[in-house]
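Notes for the one structure printed next.
The values are calculated or read from the model by the stated rules, or taken from the named source; none is laboratory data. Just so we're clear, the structure is a prediction, and the values are computed from it rather than from any experiment. For neighbour counting, all protein chains shown are included, and Cβ atoms are generated from backbone atoms with ideal geometry for every residue, glycine included. The protein model used for the area step is the full one, side chains on, heavy atoms only, and it has no ligands, DNA or RNA in it. Shrake-Rupley method; radii C 1.70, N 1.55, O 1.52, S 1.80 Å.
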Amino acid sequence: AQKEPGFNSGFKGVGISSGSYFAEIAQRSFSHSVLSRPFESGNQDMVSFGTLAAETAYDLIGMNQEIVARLILILCAAGDIRGLKNLSKSNQQLHKKVRLLAGRRKEDAPGLGEDIAHIASAIRLRSL
């Protein structure tokens with residue numbers, strides 16, 4: 001039995017918050033051109049939203065990398081629980097690399113956010 005029943009929920013919170021990220025990505029993925037407003041008495045009503053689109057894309061790529069990091073940590077936790085032999089060879093190799101960056105967690109812990117950040121950074125640097 002757990003020391004504090006109901007407190008430790010594994011990766012449930014990670015999954016729920018990932019759903020929130022998915023929703024934000026969907027919300028922010030619409031065309032920025034619908035925000036265009038005429039100004040200068042209608043003389044300049046075509047405005048480039050390229051800079052805004054680039055900034056938004058950069059943010060959303062980072063959010064996607066964090067979601068993938070969360071999914072990788074969930075995969076690794078499943079391998080820890082069910083046995084690595086149940087993972088494919090490539091996922092076993094991934095598990096080994098991930099465990100060098102983020103150790104196995106048996107309980108919810110404040111450090112989980114740091115683990116997610118380390119894995120997301122490794123994805124960004126293409127070292128994972």
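Just a few scattered comments:
- Once the GluC sites (Glu not before Pro) in DSSP loops with at most 13 neighbouring Cβ atoms within 10 Å are cut out of the chain, the longest remaining piece is 41-106.
- In this calculation the C-beta distance from Arg124 to Lys12 is compared with R0 = 25 Å, giving a FRET efficiency of 0.45.
- The value given for segment 64-128 is a Kirkwood hydrodynamic radius of 11.8 Å, derived from the mean inverse Cα-Cα separation.
- Straight-line reach from Lys12: taking Cα to Cα under 20 Å and skipping same-chain neighbours fewer than 8 places apart, the lysines in range are Lys3, Lys106.
- Solvent-accessible area of Phe22 with every protein chain in place, 1.4 Å probe, in Å² to the nearest 10: 110
- Put Lys12, Lys97 in order of accessible area, highest first, and with a 1.4 Å probe you get Lys12, Lys97.
- Helix 89-101 vs. the chain, principal-axis angle (Cα, 0 to 90°, nearest 10): 90
- Chain lengthening between Ala54 and Phe39 when straightened (0.36 nm per residue, less Cα-Cα): 3.1 nm
- Legend: calculated FRET efficiency, Gln93 to Gln27, from the Cβ-Cβ distance at R0 = 41 Å, rounded to 0.05, equals 0.70.
- Average accessible surface for the chain: 70 Å² per residue, computed with a 1.4 Å probe over protein heavy atoms with every protein chain in place.
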